[in-house]
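> Shown below is the structure under consideration.
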Amino acid sequence: MPSRPKIEVRRSSRRRRTVSAYRDGDTTVVLVPASFSHAEEQQWVGRMLRKLEAKQGRRHSGDEELLERAVELARRYLDGTELPESVRWVDNQNARWGSCTPENRTIRISRRLEDMPAWVVDYVLVHELAHLRIPTHGREFWDLVARYPKAERARGYLEGFSAATRTELAHPEDPAEGTVTD
């Protein structure tokens, strides 16, 4: 018999009309306005559960492989201390190669990288994994990223690709300077 999913409803007096939901481990958290009646709450919980299930079904099969790859890179180059909760390919990043949200330990990798050499994708993964430990682009961050042996080569590849396709660079800063334009 399948187990019932854990659902946590959080009411907010600051919310007026919007409803959102996300997975937190094995619990689905649904955020609703405090003004909702019990019936409205139940209606929206059902709707958001269906939306999340549909979204989960649409996930690309490559997302699991990407997560496994990121975990292996974290273990190999970053002492395995900062493991992501999720890593997935996304289609909506045109000015960045990847992004990271340290608070929920999620990493998103631009699908534009999918056909690039594996060592380039690995560099972007290491870069975003390093952000799980250090959110900024200071010296300590770049020292961490430099543990990946092909870091400089991959940065050059991405810079050349960007120049050739006239796309904006994801991280045009000089690691020696420690500044960022993210």
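Here, each number is a calculation from the coordinates, and none is a lab measurement. Note that the structure is predicted; figures quoted are calculated from it, not measured. Here the Cβ is made from the backbone with ideal geometry for all residues, glycine too, and neighbour counts use every protein chain on show.
> Give me, ordered by chain and number, the residues 5 or more places off residue 20 or on other chains with an amide H under 5 Å from its own placed amide H.
31
> In debye, nearest 20, what is the charge dipole magnitude of segment 60-149 about its Cα centre with +1 on Lys and Arg Cβ and -1 on Asp and Glu Cβ, if you could check?
Roughly 260 debye, rounded to the nearest 20.
> Can you grab the distance from the C-alpha centre of segment 38-109 to the C-alpha centre of segment 131-153, Å, no decimals?
22
> Same structure again: Sorted by packing (mean other beta-carbon atoms within 10 Å per residue), highest first, where do 129-135, 46-52 land?
My ranking of the peptides, most packed first, is 129-135, 46-52.
> Multiplying the sequence separation of residue 115 and residue 15 by 0.36 nm and subtracting their Cα-Cα distance, what value in nm do you get?
Once the chain is fully extended between residue 115 and residue 15, it gains 31.8 nm.
> For residue 41 and residue 65, compute 0.36 nm times the residue count separating them, minus their Cα-Cα distance, and round to one decimal in nm.
Result: 5.0 nm gained on full extension.
> For residue 6 and residue 92 in one chain, what is 0.36 nm times their gap in residues minus the Cα-Cα distance, to one decimal in nm?
27.9 nm
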